[in-house]
1. Tell me, 340, 371, 257 in order of fewest to most beta-carbon neighbours within 10 Å?
2. Which of 46, 37 comes first, and how do the rest follow, when ranked by fewest Cβ neighbours within 10 Å?
3. Mind sorting 376, 322 by how few other Cβ atoms lie within 10 Å of their own Cβ, fewest first?
4. What is the sum of charges around residue 198, taking Lys and Arg as +1, Asp and Glu as -1, for the other residues whose C-beta is under 15 Å from the C-beta of residue 198?
5. Evaluate the distance, in nm, between pseudo-label points positioned 7 Å from the Cα of residue 16 and of residue 237 along their respective Cα→Cβ axes.
6. Under the 0.36 nm per residue contour assumption, what length would be gained going from the current alpha-carbon distance of residue 370 and residue 117 to full extension?
7. Would you mind listing how long the stretch 179-273 runs along its three principal axes, going by Cα atoms, in whole Å with the largest first?
Amino acid sequence: MVVVGWGGCQNRLPGAPVPQAISPAQANENQMVAVQITGLGFFPVISTNFKSDSQSHLNTDFQVRLGLAGVQVSLQNVALQSNLSLNATTPPLLPGVYDLTVVSPGGQSGTLPGAFTVTAVQPGCDGGDCQTTCTETQCGAECVDLATDTDHCGSCTVSCAAGQHCDGGQCACPAATPDPCTGDAGAFCTDTQTDPDHCGSCGKACSAGLACCAGGCVDTQSDSSNCLGCGIVCDTDGGAFCAADAGCVQLPAPCFSATLLDGDDRWVGLGGGGCYDSSSNLPVNDAGVLVPCGGGGYCIDDVSLDGGWYRFVSDAGHDQLYGADGGGSPGAYHCGTEESGWLSFPQGSTPLGVVTPGNVCFAAPLSSTTSTPCAYSATIAILNCGSTVVYQLASYSGACFAGAPSVGAYCTQ
């Protein structure tokens, strides 16, 4: 503070201003920048003229200069904010490192060497005209648009991850791959609805051979909602199914019209001794009849089957012919009958939706304790309907045993 009294007498308090920083501390060539200078001792001058009105006047006319190679350039719009800061605007400047000088209203000054840097702008092309000034943002030697530049998105120091774009100064994934994930190689964009390595969420990989459809891992070789490709739907209500490498295939009519047989009554685990025990009364199968056997008991007999299509139904899962898994002959006196029918060919599963020929052998008793595995055979057909299997079954017509007509039935496993 400087106090000017009568006759020009001055008292000087305190010392010269001390600039300590300028922010921002850089600008582009020929660019005007609003800056703030901070430091100590930014005091105004109070003066009093006792010859006139004896009123005190506050002088805040600070000067701020940037110097390069002996040339001083004054900043514009200098305004005192407090005894610790000043605001100002730099004029267009040439490239270089400038010293900062602050001059108080009383003429005292302080300098901060190398405080402000002006960067040269690389020439560019704008509408066919060569440009020597940056009209956007100078990042090092580049003139960039921070709103769209993926290497300088929102800031000179922010670079977007692989696959991202810069939208309004924010890194974002494109619409085709909208989900950001992070892996060993860093951040990247993907679509978790279709990416088998990141299906439904980042890092959730599908097993080999499965595809990612709508964020879930599916087998497009069998999935009727994604048959050979995501979103390809088979008309399952109309009898279609998804066949491997073939696409949606219509199921044959027998898959929906087959006559039902009770598979639990024909399970291979049930004995057939009741056929020779007059005290036994085995349950009647839907397509079988109760037939008197040699000992006066009753057995399931498939003599009434007519060569049509049949499907075994079971609460316990006994819905396929015995032997389909290669189990071989169960022997006589099983499945609630005398001669037990089992599938001798083919073994294993059959093609989906394709009628496959097969053969059933009937194991017949040679005595009360021994049997032959194939005393009588019948040609059948097998149709794999996906969720179930249907069979074209011939009627049973076996031989006689111990002077009495034999009975037989198809067994389930």
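Computed from the coordinates by the stated procedures, all read-outs in this text should not be read as laboratory data. Keep in mind that what you see is a predicted model, and the values were worked out from it rather than measured. Here Cβ is always computed from backbone atoms with ideal geometry, including for glycine, and neighbour counts include all displayed protein chains.
1. Working: 340 29, 371 21, 257 11.
In order of increasing Cβ crowding within 10 Å: 257, 371, 340.
2. In order of increasing Cβ crowding within 10 Å: 46, 37.
3. Least crowded to most crowded, the residues run 376, 322.
4. Around residue 198, the charge tally is -4.
5. About 9.2 nm, to one decimal.
6. Full extension of this stretch gives 80.3 nm more.
7. Sorted from largest, the Cα extents of the stretch 179-273 read 72, 34, 19 Å.
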